[in-house]
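Colleague: I'd like to ask you about the structure that follows.
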Amino acid sequence: MNIETLKYPIGKPMIPALIESTHIQRWIQDIKQFPLQVNKEVTPLTDNELSYKYRPDGWTIKQVVGHCIDSHMNSIIRFKSALTENHPVIKPYEEADWAELSDTLNFSIQSSTTLLAGIHQRWVFLLEQLDEAQLKRAYIHPDGNELVTLKEGLAIYAWHCNHHLQHIINAKAFKY
């Protein structure tokens, strides 16, 4: 398998030109189901198995879970900022550096999956309340000064969940 396939096992995000309510509902369900799917994949693993990587020089399973916690906490903040401010510029963060911090490397996987579940429960509650006008609100991502609507953000984060779930599955199979 080539490095690009290992890095993007489900491909890169594809956002439809016309986002319909069926997309929104499916993406919310993807986000809702993600913690359950992660828990199913990681709960039976040993500490050694949690150190498997999905590709050479990639993150370990434990780092992938920690990254999802970090990313999805940031997503909630991005969504809430867009809902309460006019085109806020979001604050990016150093994902690779965060993945090396002790709360990612040493926090128990049980505590991590519990935290991920709580974050997603709160996030999904917010997402399910959004109306069409709110979904059209947007934030600005400073990389490229890109305006991202919450509809588009929802697509990106649903992809993000599925992308990293596949990383976990691949790490278990390939054991890099």
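Colleague: Give the residues of segment 123-137 that are surrounded by 13 or more Cβ atoms within 10 Å (Cβ to Cβ) and assigned to a helix (DSSP H, G or I), sorted by residue number.
Modeller: 123, 124, 126, 127, 134, 135
Colleague: Still on this model: Take segment 94-106 and flag every residue that is surrounded by 11 or more Cβ atoms within 10 Å (Cβ to Cβ) and either among the charged types (D, E, K, R) or closer than 15 Å to residue 49 by Cα (or both).
Modeller: 95, 100, 103, 105
Colleague: Tell me which residues, restricted to segment 16-30, are in contact (Cβ under 8 Å) with a residue 40 or more places away in the chain and either farther than 20 Å from residue 126 by Cβ or in contact with a Cys (Cβ under 6 Å, 6 or more places away or on another chain) (or both). Lay out the reasoning, then the answer.
Modeller: Looking only at segment 16-30, we keep the residues that are in contact (Cβ under 8 Å) with a residue 40 or more places away in the chain, and these are 16, 19, 23-24, 26-28, 30.
16, 30 - these are the residues of segment 16-30 that are in contact (Cβ under 8 Å) with a residue 40 or more places away in the chain and either farther than 20 Å from residue 126 by Cβ or in contact with a Cys (Cβ under 6 Å, 6 or more places away or on another chain) (or both).
Colleague: Consider residue 5 against the criteria (1) surrounded by fewer than 16 Cβ atoms within 10 Å (Cβ to Cβ); (2) at pLDDT 95 or above; (3) within 28 Å of residue 105 (Cβ to Cβ); (4) out of contact with any His (no Cβ under 7 Å at 6 or more places or on another chain): it satisfies all of them except one. Which criterion is unmet?
Modeller: All conditions pass for residue 5, except number (2).
Colleague: Within segment 145-168, does at least one residue satisfy the condition of being surrounded by fewer than 15 Cβ atoms within 10 Å (Cβ to Cβ), among the acidic types (Asp, Glu) and assigned to a loop (DSSP other than H, G, I, E, B)?
Modeller: No.
Colleague: Filter segment 16-50 down to residues that are outside any helix (DSSP H, G or I) and crowded, with 16+ Cβ neighbours inside 10 Å, then give me how many there are.
Modeller: Within segment 16-50, residues that are outside any helix (DSSP H, G or I) and crowded, with 16+ Cβ neighbours inside 10 Å number 2.
Colleague: Separate question: Which residues, counting only those in segment 126-170, are of a type in the set (A, V, I, L, M) and touching a strand residue (DSSP E or B) at 6+ places or on another chain (Cβ under 6 Å)?
Modeller: First pass over segment 126-170, keeping only residues of a type in the set (A, V, I, L, M): 126-127, 130, 133, 135, 138, 140, 147-148, 150, 154-156, 158, 165, 168-169.
Hits for segment 126-170 are 138, 140, 147, 148.
Colleague: Taking the criterion of being within 22 Å of residue 119 (Cα to Cα) and among the hydroxyl-bearing types (Ser, Thr, Tyr), would at least one residue in segment 21-31 satisfy it?
Modeller: Checked segment 21-31: no residue is within 22 Å of residue 119 (Cα to Cα) and among the hydroxyl-bearing types (Ser, Thr, Tyr).
Colleague: Would you tally the residues in segment 95-152 being small (Gly, Ala, Ser), in contact with a helix residue (DSSP H, G or I) (Cβ under 8 Å, 6 or more places away or on another chain) and more than 18 Å from residue 19 (Cβ to Cβ)?
Modeller: Number satisfying all stated conditions: 3.
Colleague: Looking at 107, 174 in this structure, which one is at pLDDT below 95 and either at negative phi or among the hydroxyl-bearing types (Ser, Thr, Tyr) (or both)?
Modeller: Criteria check complete, one pass: 174.
Colleague: So which residues in segment 58-88 are out of contact with any helix residue (DSSP H, G or I) (no Cβ under 9 Å at 6 or more places or on another chain) and either crowded, with 20+ Cβ neighbours inside 10 Å or not in a helix (DSSP H, G or I) (or both), if there are any at all?
Modeller: 85, 86, 87
The values are calculated or read from the model by the stated rules, or taken from the named source; none is laboratory data. All values derive from a computational prediction rather than experimental measurement. Because the Cβ atoms are built from the backbone with ideal geometry, glycine has one as well, and the counts that use them run over all protein chains shown.
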